[in-house]
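Chemist: Structure provided below as structure tokens; questions to follow.
The values are calculated or read from the model by the stated rules, or taken from the named source; none is laboratory data. Keep in mind it's a predicted model, so treat the numbers as computed, not measured. Quick reminder, even Gly has a Cβ in these numbers, built from the backbone with ideal geometry, and neighbours come from all protein chains shown.
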Amino acid sequence: MAHDLHLPHGSVAAHAGMDVVALGYSNYGLVSRSRAKGIEMMRDYLSPERQHVALLTIAAQRDFCLPNSPAKVGGSMAAVPPMVRLVEGFRQRGRPIIHVVRLYRCDGSNVELCNRASIEEGQRIVMPGTLGAELVDGLKPDQQQRLDSNQLLDGKLQELGRHEWIMYKPRWSAFYRTQLEEHLHGLGVTSLVISGCNFPNGPLATVYAASNRDFRIVLATDAVSGANDVALAELARIGVYLMTSDQCLGWLARDGQVAAA
């Protein structure tokens with residue numbers, strides 16, 4: 001049975017299972033390659049690999065998401081249910097999950113420059129040990145679990161359960177001065193599904209950093225806050241697959257098929 005692979009702006013290519021080798025935008029226009037019977041075509045370096053995929057949630061913390069929080073980001077609460085569905089789906093299938101968080105020391109010493117002055121002046125956001133720094137409800141396997149701020153600030157991953165961790169990042173990108181790349185390679189991960197809060201900051205920086213490291217990337221479009229059509233089209237042009245959380249989970253549940261973005 002043929003399936004359709006959708007990209008932004010209505011571009012569609014019919015394919016059958018693994019027969020699609022590559023379809024995506026590049027800086028030189030739409031690139032499409034497929035394998036006909038008996039004909040070898042270009043290799044596919046873009047399609048996410050179902051057996052080697054991990055989920056990242058970026059800065060899905062109470063201070064950034066809750067409506068009455070001091071640093072709420074518009075649209076974040078709407079992105080939480082799709083994030084929860086992704087986490088539950090990956091957890092049920094034993095796929096790795098890494099929750100990436102920010103923690104701001106009260107003296108501002110580990111805060112990015114654009115926010116440092118406000119923290120130094122007394123604003124309190126995602127402070128270590130506070131409820132505001134915790135993940136939003138529904139993301140942790142056990143809601144009674146709390147972040148181990150000392151362990152996280154020391155650069156170590158905190159294990160939440162089988163194949164699930166929390167990790168601290170000191171700047172926008174989840175790869176900047178962290179163990180993330182090494183951890184993912186140790187798990188055999190080649191592909192990432194990225195979700196999270198405040199798309200122009202952490203999620204976007206992480207997408208580009210992942211692309212720089214040759215990971216195959218899916219952005220869960222309804223599980224990020226603050227994205228827009230222009231930014232998403234730009235990501236499609238560098239080979240990022242754009243899927244809703246339900247499309248991603250549908251792909252994850254299928255055996256032997258490439259992703260339908």
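Chemist: I need the full set of residues from region 78-115 which are of a type in the set (Lys, Arg) and farther than 17 Å from Cys197 by Cα, in order please.
Modeler: Listed by number, the residues that qualify are Arg91, Arg93, Arg95, Arg105.
Chemist: Among what's in region 182-233 and is of a type in the set (S, T, N, Q) and over 13 Å from the mean Cα position of the chain (by Cα), pick the residue that is nearest to Ile98 (Cα to Cα).
Modeler: Of everything passing the filter in region 182-233, Thr190 is nearest to Ile98 (Cα to Cα).
Chemist: Something else about it: Go through (1) of a type in the set (A, V, I, L, M, F, W, C); (2) part of a loop (DSSP other than H, G, I, E, B); (3) touching a strand residue (DSSP E or B) at 6+ places or on another chain (Cβ under 8 Å) one by one and return the number of the condition Met127 breaks.
Modeler: All conditions are met except number (3).
Chemist: Between a residue in region 111-123 that is loosely packed, with under 15 Cβ neighbours inside 10 Å and any residue that is modelled with pLDDT of 95 or more and among the small types (Gly, Ala, Ser), which pairs come within a Cβ distance under 8 Å, given they are 6 or more apart or on different chains?
Modeler: Filtered contacts from region 111-123: Ala117/Gly108; Glu120/Gly108.
Chemist: Next question, about the same structure. Out of Gly94, Gly89, which single residue is within 15 Å of Ala54 (Cα to Cα) and buried (at least 19 other Cβ atoms within 10 Å of the Cβ)?
Modeler: Values: Gly94 fails: buried (at least 19 other Cβ atoms within 10 Å of the Cβ).
That would be Gly89, the only listed residue that is within 15 Å of Ala54 (Cα to Cα) and buried (at least 19 other Cβ atoms within 10 Å of the Cβ).
Chemist: Test Ile166 against the criterion of being surrounded by 13 or more Cβ atoms within 10 Å (Cβ to Cβ), of a type in the set (Val, Ile, Thr) and touching a His at 6+ places or on another chain (Cβ under 8 Å), and give yes or no. Steps first, please.
Modeler: Numbers: surrounded by 13 or more Cβ atoms within 10 Å (Cβ to Cβ): yes; of a type in the set (Val, Ile, Thr): yes; touching a His at 6+ places or on another chain (Cβ under 8 Å): yes.
It is true that Ile166 is surrounded by 13 or more Cβ atoms within 10 Å (Cβ to Cβ), of a type in the set (Val, Ile, Thr) and touching a His at 6+ places or on another chain (Cβ under 8 Å).
Chemist: Which condition breaks for Leu219 when tested against (1) under 30 Å from Pro67 (Cα atoms); (2) out of contact with any Leu (no Cβ under 6 Å at 6 or more places or on another chain); (3) free of Cβ contacts under 8 Å to residues at least 40 places away in the same chain?
Modeler: Result: Leu219 fails condition (2) only.
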